[in-house]
Amino acid sequence: MTTAQAPLDQPSCWLCLEEGQDTFGKPLVRNCSCRGSSGFSHISCIINFAESESKRAYTSGDMGDSLASFEVCPNCKQDYQNNVAYELAKAQVNFVEREFAGDQHAFLYTNALTCRLVVLDVKNENDRCEGEEVISKMLSTFEAMKRTAQHRSHLLHPDATKAFEGHANANIATFYHKIGSDDSLQKAKIYFQKAKSIFENEKDELGVMTISNLIENVEAEINGERKCLTQAVEVGLELKKFQLFTKEFGADDNTTIEAGVQLALAMWKEYRTIEAERLLTKLIARSRRVHGEGHDCTIFAISAMQRVHERKVFLKTNGEINVDEVYRVVRYTADGLKCLVQGPVPKVVFDPRINRSDPSYEGAERTFEVERANVVTSRGTPVVCTGLQKATHLNGKIGDRREFDEDTGRYTIHFEDETLKPVKVKPENIRIVFDL
C-alpha cells in the first residue's frame, strides 16, 4: 500500500498549518488511522514534532514514552505504517545517535535500532546492507547494556531489560529469516535460539512457544522442507496471542486485530471455517471503524476473508474424483441441480523468503456449469443439512464439512451449534452455504 497523499482540496499540515509541499519539496502525507482531512502532515514536520516531544518526555523522566512520537500518531493514537513508519524509524535512529549518545542511553538506542530493523525491506539490497549495520550496532549496544546498570533506572519495569533483549534477538532472527538464503537461515536459527533462552529464563510461556515454532520452521527450511504445526497446536498458540494482545493493547489496536486475523486463518486451516468467518467479520468491521478502509490492518483482514470465503470443490469425471485440480463454486443454478464453478484455481506455492504462501498461476480459469452430483465439497466447507428424514431436527442447521467415511459414503458435519453432536450425513443431504 502506498502512502496516502493529500486529496485535491489539499488540507493543511496539522503541525505547520501550511498547504502543499514543505521546503524540501515533499508532499503532505498520512499513513495512520486518521480519516477525512485530518492527520495530513509533512514528514519533516512529524520529525521535528517527534524530536521535540522526545526531549520533553526524557526531561520529565517519562522514559517509557520518550520515543513514542516517532512511532504513534498523536491524533488517532495508532501506529504509523508503510513509508511514513519507514522514514520515521530512520529519523528516530539519527535523533538518538545525535542526542543520546553513551552507554547510559543504551536502552533507548536499542529500541530505535529495533524499530528501524523491522521496517527494512529484505528484497532491497540497500536495506539488507543497512540491516547488517543496524544489527551490528544492536549487538554492540547489548554489551553496553550489560556493562552498566544505569539504564535500569530509565525503564518502566526494572526487569524489562532481559525481556527486551529477547525480543530484539527475535527481530534480528526474523530479519535473517525473511532473507531466506542458506547463510541467513543459519543466522536466524542462532538468534531465535538466543531469544528462546532468554524467554525461558523470564518464564515467558507464550514467547517460548512462539520462538520454538519459528526455530522448527527455520530448521525445516534449512533441510529444504516446509514444517507445519499440527492445526490444533497452531490454533492454541494464535488464541493465546490474541487473548494476550487484547488484554495488553485493547481490542481496537491494529496489533490485536492482526493477531485475530492470524487466529482466524489458523481456525480455517483446522477446517473451522464458520468460526473463522464469524471472527473475520467482526475484525473487519472493527478495523474499518477504527483504522479506515485503506489501512494495512483492514486490507489484511479483508484479504484473509476473501481466502476463507472461497468455497473450493473437486469435480467428478466418469465417477472418479480429480484431486489434482481444485475449483471454486460460485452458486447453485437450475433450482439447485447444478453448480456454477470457476477454475482450476491457482496452486499455492510457499516462499520462505517472505514466509508466506502465494498463488502461482498456470493458465486461465474457466467458468462453467456442472451437475451438482459431480461436485465434491472440500474439507471445512460450510454446509446446511437438508432433506433428512430421520434426524429432521438437523434440517436447516449449518456446520463445517469435515471427514469423509468411505465405508458409509457420508461426511461428518460439525455443527456451529455446539449443543449438537457431529453426525454423518450423505452428500445429497447437504448444500453449500455461500454466505453466513
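The values are calculated or read from the model by the stated rules, or taken from the named source; none is laboratory data. Worth saying up front: this structure is predicted, and the values here are computed from it rather than measured. Glycine also receives a Cβ, built like all others from the backbone with ideal geometry; neighbour counts cover every protein chain displayed. The area values use the complete protein model at the heavy-atom level, side chains included, leaving out ligands, DNA and RNA. Shrake-Rupley method; radii C 1.70, N 1.55, O 1.52, S 1.80 Å.
Computed quantities for the displayed model
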| read-out | value |
| --- | --- |
| Hits in region 180-190 - residues which are surrounded by fewer than 18 Cβ atoms within 10 Å (Cβ to Cβ) and either of a type in the set (Val, Ile, Thr) or without any contact (Cβ under 8 Å) to a residue 40 or more places away in the chain (or both) | Ser181, Asp183, Gln186, Ile190 |
| Of all residues in region 420-431 being of a type outside the set (S, T, N, Q) and not in a strand (DSSP E or B), the one that is most open to solvent (accessible area, probe 1.4 Å) | Lys421 |
| Residue list for region 368-419, filter: of a type in the set (S, T, N, Q), part of a loop (DSSP other than H, G, I, E, B) and either open to solvent by less than 30 Å² (accessible area, probe 1.4 Å) or touching a Leu at 6+ places or on another chain (Cβ under 6 Å) (or both) | Ser378, Thr381, Asn395 |
| Some residue of region 406-418 being in contact with a Phe, Trp or Tyr (Cβ under 7 Å, 6 or more places away or on another chain) and in contact (Cβ under 8 Å) with a residue 40 or more places away in the chain | no |
| Test: His177 is buried (at least 22 other Cβ atoms within 10 Å of the Cβ) and under 21 Å from Arg116 (Cβ atoms) | yes |
| Selection from region 311-338 of residues that are crowded, with 16+ Cβ neighbours inside 10 Å and of a type in the set (D, E, K, R) | Arg311, Lys312, Arg328, Lys338 |
| Candidate set: region 39-72, residues that are open to solvent by less than 60 Å² (accessible area, probe 1.4 Å) and among the aromatic types (Phe, Trp, Tyr); chosen: the one farthest from the chain's Cα centre (by Cα) | Phe49 |
| Hits in region 73-90 - residues which are open to solvent by less than 70 Å² (accessible area, probe 1.4 Å), closer than 19 Å to Leu108 by Cβ and not aliphatic (A, V, I, L, M) | Asp79, Tyr80 |
| Residues that are open to solvent by less than 70 Å² (accessible area, probe 1.4 Å) and under 24 Å from the mean Cα position of the chain (by Cα), drawn from region 118-133 | Val119, Leu120, Val122, Asn124, Asp127, Gly131 |
| Qualifying residues in region 19-35 (those that are over 26 Å from the mean Cα position of the chain (by Cα) and small (Gly, Ala, Ser)) - the one most open to solvent (accessible area, probe 1.4 Å) | Gly25 |
